[in-house]
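Data first, discussion second: the structure below is written as structure tokens.
The values are calculated or read from the model by the stated rules, or taken from the named source; none is laboratory data. Given the structure is predicted, the values throughout are model-derived calculations rather than measurements. No Cβ is skipped: glycine too gets one built from the backbone with ideal geometry, and neighbour counts run over all protein chains shown. SASA here: full protein model, heavy atoms, side chains in, ligands and nucleic acids out. Shrake-Rupley method; radii C 1.70, N 1.55, O 1.52, S 1.80 Å.
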Amino acid sequence: MPHSLHTLNHAVFKALLFLGAGAFERATGTLELDRLGGLLRRMPWTGGAFLVGAAAISGLPPLNGFASEWLTLQALLHVTAYGGVATGLAAAVALAALAATAALAVYCFVKVVGLVLLGGPRADGAERAIEAAWPMRAALAGLAVGCVVLGVAPGLLFGTLAALAPWPATAPTAAGLHVPGTGSLPTAGIAIALVALTATFALARGRRRAVPAPTWACGQLVESALRWTSAGFTKPLRLVLESVLRPEREISIRTEAGVVQEVTYSGNVPHLIEERIYAPATRRSLELASHARRLQSGHLSAYVAYLIILVLALLAAARVGLIG
């Protein structure tokens with residue numbers, strides 16, 4: 001049952017994020033993070049909807065990603081409590097993987113939101129960006145509202161989704177999630193509490209605003225090259241996971257008369273899964289396909305021979321009892 005709700009939620013907020021990314025590319029001409037920035041001010045409708053989708057996929061309450069992740073978390077916790085040793089161990093590994101995935105999702109989309117929506121524009125395309133047309137804004141707003149509604153009242157659809165399970169399953173129809181044996185999630189109460197807390201902070205701040213001040217960069221001009229980049233943002237994580245990611249670096253230094261004139265640095269993080277698993281499997285599949293292609297000779301006599309061999313093989317299998 002959790003996977004049905006999670007699948008639905010992913011369909012909503014991923015569609016929102018892809019549509020928002022398309023609107024950004026249409027407005028700026030690029031999706032390179034280091035050439036964007038400041039789009040929330042220039043495209044408030046698109047940027048606001050994209051921000052909702054980023055929060056939803058990160059599993060933040062009271063949005064739909066949080067509700068289905070909580071349900072999945074509850075399911076894995078109860079597998080470890082009531083299942084056998086092997087099943088409990090597998091559920092514990094899955095639970096740790098879910099927690100790591102949630103943390104990395106937050107880390108990823110904090111980077112995306114910070115580099116795309118906040119700060120100043122890093123290139124002329126971002127500087128000249130204008131809001132998307134109203135049909136695209138309407139689609140983005142509808143998907144953003146869907147993220148909120150499915151997060152505040154996920155129980156309204158949970159009973160219908162539970163009925164899709166191959167085994168008998170029922171769930172009460174309510175705004176929150178009430179699943180026997182797993183406690184409950186008062187999503188509406190969480191939403192009201194967050195709205196009240198936000199309003200309290202807004203009232204406490206009053207009309208006070210931070211005074212803008214020029215950025216100090218050790219006397220240098222503040223240029224886009226000096227701003228925070230995606231590589232700089234992920235550097236701490238890449239250092240922690242260096243033994244797993246195995247990054248490749250190359251540094252060249254040019255000197256004249258003992259004085260350094262130029263330093264060139266290039267780095268790359270190889271896609272280990274693609275290089276070690278997908279690429280060899282693809283090559284092997286293509287090799288097998290090339291051998292299988294030889295069977296298509298184009299001669300009718302060869303195809304008739306294949307059919308005769310197949311019939312004889314089936315008769316032999318039936319004779320020895322392999323097939324009934």
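Miscellaneous remarks
- The set of residues in the stretch 241-254 that are open to solvent by 80 Å² or more (accessible area, probe 1.4 Å) and either at pLDDT 85 or above or touching a Gly at 6+ places or on another chain (Cβ under 9 Å) (or both) comprises E248, R249, E250, I251, I253, R254.
- Taking residues in the stretch 86-107 that are more than 20 Å from P236 (Cα to Cα), and partners anywhere that are of a type in the set (D, E, K, R), the pairs with Cβ atoms closer than 8 Å and at least 6 places apart or on different chains are L98/E69.
- Per the listing L300, L312, L295, the residue uniquely among the hydrophobic types (A, V, I, L, M, F, W, C), surrounded by 10 or more Cβ atoms within 10 Å (Cβ to Cβ) and out of contact with any strand residue (DSSP E or B) (no Cβ under 8 Å at 6 or more places or on another chain) is L312.
- Qualifying residue in the stretch 2-23 (condition: buried (at least 19 other Cβ atoms within 10 Å of the Cβ) and touching a strand residue (DSSP E or B) at 6+ places or on another chain (Cβ under 8 Å)): no
- Test: residue in the stretch 49-61 that is open to solvent by less than 20 Å² (accessible area, probe 1.4 Å), in contact with a Lys or Arg (Cβ under 7 Å, 6 or more places away or on another chain), within 20 Å of R128 (Cα to Cα) and in a helix (DSSP H, G or I): no
- Residue within the stretch 273-281 that is closer than 30 Å to T234 by Cα, open to solvent by less than 90 Å² (accessible area, probe 1.4 Å) and in contact (Cβ under 8 Å) with a residue 24 or more places away in the chain present: no
- Scanning the stretch 1-43 for residues that are over 19 Å from I57 (Cα atoms), in a helix (DSSP H, G or I) and free of Cβ contacts under 8 Å to residues at least 40 places away in the same chain returns E25, R41.
Conditions (1) in contact with a Ser or Thr (Cβ under 8 Å, 6 or more places away or on another chain); (2) surrounded by fewer than 24 Cβ atoms within 10 Å (Cβ to Cβ); (3) within 24 Å of L197 (Cβ to Cβ), marked per residue:
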{"position": "R26", "(1), (2), (3)": "no, yes, no"}
{"position": "T30", "(1), (2), (3)": "no, yes, no"}
{"position": "D34", "(1), (2), (3)": "yes, yes, no"}
{"position": "W45", "(1), (2), (3)": "no, yes, no"}
{"position": "L63", "(1), (2), (3)": "no, no, yes"}
{"position": "A75", "(1), (2), (3)": "yes, yes, no"}
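- Selection over the stretch 113-145 of residues that are open to solvent by less than 20 Å² (accessible area, probe 1.4 Å), farther than 18 Å from R35 by Cα and in a helix (DSSP H, G or I) gives a count of 2.
- Residue match in the stretch 68-90 (condition: closer than 19 Å to F13 by Cα and within 16 Å of the chain's Cα centre (by Cα)): yes
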